[in-house]
1. For a quick check: sort 65, 51, 139 by the number of other beta carbons within 10 angstrom, fewest at the front.
2. If you place +1 on the Cβ of every Lys and Arg, -1 on the Cβ of every Asp and Glu, and leave all else neutral, what size is the dipole of segment 1-132 about its Cα centre, to the nearest 20 Debye?
3. Name the aspartates and glutamates eligible as straight-distance cross-link partners of residue 264: C-alpha to C-alpha under 14 Å, and not fewer than 8 places from it in the same chain.
4. Equivalent ellipsoid semi-axes for segment 1-120, as square roots of 5 times the alpha carbon gyration tensor eigenvalues: give them largest first, rounded to whole Å.
5. Give the cross-link partners of residue 152 among the lysines, using a straight C-alpha distance below 20 Å as the criterion and excluding same-chain residues fewer than 8 apart.
6. Below 11 angstrom from the Cβ of residue 217, what's the summed charge of the other residues (Lys, Arg +1; Asp, Glu -1)?
7. Only helical DSSP H runs with n ≥ 4 go in: add -39500 (n - 2.57) per run for the chain, normalise by residue count and round the 222 nm mean residue ellipticity to 500 deg cm²/dmol.
8. Just grab the label-to-label distance for residue 31 and residue 198, each label 7 Å out from Cα along the Cβ direction, in nm (one decimal).
Amino acid sequence: MKKKGTFVGLSTVDVIYGVREGPTRNQKVAARSQLILVGGPATNAAVTFAHLGGSATVVSSVGHHPLSHTIRDEFRQFDIAHLDLTPESDEAPPISSVWVDDEGNRSVVSANTAGRLISPVRIDPAALDNVSVLMVDGHAMQACQLWARAAKSAGVPVVLDAGSWKPGTDLLLGSVDIAICSADFLPPGCSTGEDVTSYLLAAGVARFAITRGTNPIRFVSDTGTGTVDVPQIAAVDTAGAGDIFHGAFCFFYANGRGFEGALKAAAIIASESCCYPGTRQWMKHGNSTA
């Protein structure tokens, strides 16, 4: 039976441009390629989870704007269930502009959920029945907090995609079992990895990892500390690699790989994804078995 995962946070429409180099001030740049894809940390993670063989649900704000159909079509393609936080909204969904240079480095401008009106969230406890893992990305923070709290109460492991510090993250951490942090995740008063480690341990998060691009992933678990090597590849496009890592981690963790084993398998999948343009091509070309 497929393991179930629920992913709470952001859904976007991403316009990804391949460029020789990013634009500077007052400069226009002609793109060599263009992709229009569905993105957002929670959504990309859910798509990865579903592609690898899981049953995924996304909780996000989509509404019924014409562009919202792009997101819904993606959910149907990957057989992903969706719970809409703003079903009556006719506002355009968040749109991200992404440009990827010749070395595979990506830069992003995104509206995310800032300034978006989301009604008070209600959770049907039945939505967590038989769920093996819940991931929150910190966008739509109130929804993330309430779903994480409900999952914690139901005994469902809660994973935080800690890409950056957001208002409300301090309260969210109280319901988090595992945090997967980027090097940009710096809580108040923190400037180094050691600071982040101390902060998370003090907040009660006993298992966490800090990803550092192509450098080894540092982790802390109940049994100690260590590192996980990241496969070295010739990157074509790093857009969405972190989201793919989180989705793969959730899949392998839900399927019994354990914390460190899931980190290792996720690192293989995320690196594989960087060998192809966009956030979906790796699914057509890679073996994705880790």
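Every read-out reported here was derived from the displayed coordinates using simple, explicitly stated rules and does not represent laboratory data. Keep in mind that this is a model prediction, so the values were computed, not measured. Note: ideal-geometry Cβ built from the backbone for every residue, glycine included; neighbour counts use all protein chains shown.
1. 65, 51, 139
2. 180
3. 229, 272
4. 27, 18, 11
5. Hits, sequence-local ones excluded: 3, 4.
6. Working: positive: 212, 218, 264; negative: 229, 260.
Surrounding charge for residue 217 is +1.
7. Taking each H run of at least 4 residues, the total per residue is -8500 deg cm²/dmol.
8. 4.4
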